[in-house]
Amino acid sequence: MILVQGENKLNEFREKLREVSVQLNMPTEFDKISAVISALLSTHNINVLSSDLAKARATGVPYDGARLELFAILYEVLKDRFFVERPNKNRDESSYRLISFFESYFSNYIEGTEFTVDEAKSIVDTGIVIPKRLKDSHDILGTFSVISSRSEMNKTPSNYEELIELLQKRHSILMREREDCNPGNFKEVNNQAGNTLFVHHTLVKGTLQQSFKYYLTLKEPMARALFMMFMISEVHPFFDGNGRIARIMMNAELFRGDQSRIIVPTVFREDYLLALRKLCRSKEPETYIRIMEKLHKFSDNLYGNDYNDLNAYLRECNAYEDPQSAKLIYIERVS
């Protein structure tokens, strides 16, 4: 009732209960429910509350219990999972910059910022935006600005406060030209994709705080990356830019662990989103993990400092194709 209708509605409900308790001669029972309501509204000792969820709300950090259950399910599968190590191959500055470009290009294309790859390359190389598409151009530049910074991508959170700081800083850079999206600030209204309603805006910080405890106990870079990406994607803490931020946070974990980063090509968009949806709706993590491992294997082939060579390889793999008309082809590259 607090979540959907607000605290005032709960107080109105308590007054109705008071009236009914007089009619039924149940003063003791009313005192009990009134104490629970007062505790939930932070005006009474929380010892009368029994559930962790209720206690969290009473102490000012309420969280989404259903989402926390999802994160626990994913954590249980990830914590003892062995992942193939794929060391980072883009170590020199030119290859690092090139892989960062392709990562920012595909991450934006998935979200509907559609340029040809040559148009996007021109925007990144020159800093000159395309007329009549100023905001879209800045989306490419903002994403690239975060991803192409080694010092930024080498940062991963060691505590909850650092998690919040990283999320808000990276979002402020990513969305700096979209004032309507409140860059760097968590959402103040609810958001959804299709039938999926993401975490209520009043529960964002509490849900991140509770789920971050699972993240801290994971050791492998890939396990931390997959948990982080799903956590941010599922909480959806910002008004816009959540998918891009989730993938940036994921790849920071991999970069910090000296592993190949994961790129989601356009042709694989539906597989990627369906895997996230399956974990969210069916509580089934294996498909998500399998899809992300497949993408990691594919992305391990994206190395080198020749734009034309890497672009040709991506075309050969159908990376730019529409998911409805083609499939991703895995082609092993020989160094």
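The values are calculated or read from the model by the stated rules, or taken from the named source; none is laboratory data. Remember, predicted model here, so these are calculated numbers, not experimental data. Positions of Cβ are generated from backbone atoms using ideal geometry, with glycine treated the same way; all protein chains shown enter the neighbour counts.
Scanning the range 104-154 for residues that are surrounded by fewer than 14 Cβ atoms within 10 Å (Cβ to Cβ) and among the hydrophobic types (A, V, I, L, M, F, W, C), which turns out nearest to the chain's Cα centre (by Cα)? The residue in question is Leu134.
If Thr113 meets every condition in (1) at pLDDT 95 or above; (2) closer than 24 Å to Ser299 by Cβ apart from one, which number is that one? All conditions are met except number (1). Gly257 fulfils the conditions (1) touching a strand residue (DSSP E or B) at 6+ places or on another chain (Cβ under 8 Å); (2) of a type in the set (Gly, Ala, Ser); (3) surrounded by fewer than 23 Cβ atoms within 10 Å (Cβ to Cβ) except for a single criterion, (1).
Just to verify a result, which residue in the range 182-208, among those that are of a type in the set (S, T, N, Q) and under 16 Å from Gly243 (Cβ atoms), is modelled with the lowest pLDDT?
Thr196
Helices (runs of 4 or more DSSP H) fully within the range 115-207 that include at least 3 residues being in the same structural domain as Tyr307 (by TED's automatic domain parsing), in contact (Cβ under 8 Å) with a residue 40 or more places away in the chain and within 12 Å of Pro237 (Cβ to Cβ): 160-174.
Where in the range 267-330 are there helices (runs of 4 or more DSSP H), lying wholly inside it, with at least 3 residues that are surrounded by 16 or more Cβ atoms within 10 Å (Cβ to Cβ) and more than 25 Å from the chain's Cα centre (by Cα)? Don't jump to the end; show me each part of the working.
On the way: elements: 269-282, 286-299, 307-316.
Ranges flagged: 307-316.
A count restricted to the range 58-98 and to residues that are out of contact with any Lys or Arg (no Cβ under 9 Å at 6 or more places or on another chain), among the polar types (S, T, N, Q) and at pLDDT 95 or above stands at 1.
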